[in-house]
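Colleague: This structure is in structure tokens; I'll ask about it shortly.
Computed from the coordinates by the stated procedures, all read-outs in this text should not be read as laboratory data. From a predicted model like this one, the values you see are computed outputs, not experimental measurements. A quick note on method: Cβ atoms are made from the backbone with ideal geometry, for glycine too, and the neighbour counts reach across all protein chains shown.
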Amino acid sequence: MSGRKTGRIEVIARVSGRRDWTVEQKLMILRDAFGPGGSVRAAIERHDVTSGLLYTWRRKAMSGQLTGPKPSMPAFAEVRVTEPPVSLSPPAVVEGTGKIMIELPTGVRVSVDAAVDGDALARVLGALGR
């Protein structure tokens, strides 16, 4: 076998096929590629994605199209009937400002203009008092 050279051949192959990436994974890979200190080439090699796929995800992310499934809303919501709210102490008018300071039993303080719509204020206080 003189005159014939033998050598070593190294075959590097990628596993081909589709892979499903979650939105979180795609965003993490995009940060790895385009974020501070990021490298597109390193991200492609590290995550075994193609440059075309990476730029497609980037385009979708920049246009707001890279979103995950919307959380489903429950068919039924729990409702609780409670006692009417505890009576509130009378509001304090801040002298000379036309402002009314209201402190709820929960410790929440609300400051409103003296000309506030009473019905709207009642709805807000009812929601905050819960």
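Colleague: Using modelled backbone amide H atoms (1.01 Å from N, in-plane), which distant-in-sequence or interchain residues come within less than 5 Å of Leu66's amide H?
Modeller: Counting only residues 5 or more places away or on other chains, the set is Ala61.
Colleague: Separate question: Within the set of other residues whose C-beta is less than 15 Å from the C-beta of Lys26, count the net charge using Lys and Arg as +1 and Asp and Glu as -1.
Modeller: Summing Lys and Arg as +1 and Asp and Glu as -1 gives +3.
Colleague: Calculate log10 I(q)/I(0) of the range 23-63 for q = 0.21, 0.28, 0.31 Å⁻¹, where I(q) comes from the Debye formula with a single equal point scatterer on each Cα and nothing for solvent.
Modeller: -0.54, -0.98, -1.18
Colleague: Obtain the nm distance between the two label points defined at Ser63 and Arg31 by a simple spin-label model: each point lies 7 Å from its Cα along the Cα-to-C-beta direction.
Modeller: 2.5 nm
Colleague: Neighbouring Cβ atoms within 10 Å as the yardstick, rank Asp113, Asp32 fewest first.
Modeller: Asp113, Asp32
Colleague: Which ³J(HN,Hα) values, rounded to whole Hz and listed in residue order, are derived for the range 100-115 from phi using the Karplus coefficients 6.51, -1.76 and 1.60 in 6.51 cos²θ - 1.76 cosθ + 1.60 with θ = phi - 60°, glycine and proline given as x?
Modeller: Those phi angles translate into 10, 9, 10, 10, 7, x, 6, x, 6, 10, 10, 10, 10, 6, 4, 8 Hz.
Colleague: Using R₀ = 22 Å, calculate the FRET efficiency as 1/(1 + (r/R₀)^6) where r is the Cβ-Cβ separation of Lys99 and Ala127; round to 0.05.
Modeller: For Lys99 and Ala127, the calculated efficiency is 0.60.
Colleague: Moving on. Just how large is the dipole of the range 23-63 about the Cα centre, in debye to the nearest 20, putting +1 at every Lys and Arg Cβ and -1 at every Asp and Glu Cβ?
Modeller: 180 debye
Colleague: Please list, in order along the range 41-53, the HN-Hα scalar couplings obtained from phi with the Karplus expression 6.51 cos²θ - 1.76 cosθ + 1.60 (θ = phi - 60°), rounded to whole Hz, x for Gly and Pro.
Modeller: Karplus values, whole Hz, x for Gly and Pro: 4, 5, 5, 4, 6, 5, 9, 6, 10, 8, 5, x, 5.
Colleague: Same structure, new question: On a full-extension model of 0.36 nm per residue, what is the gain between Ala114 and Val79, subtracting their alpha-carbon distance, rounded to one decimal in nm?
Modeller: 9.2 nm
Colleague: A further question on this structure: Determine, for Val81, Val49, the number of other Cβ atoms within 10 Å of each Cβ, and report the residues in order from fewest to most.
Modeller: The order, fewest Cβ neighbours first, is Val81, Val49.
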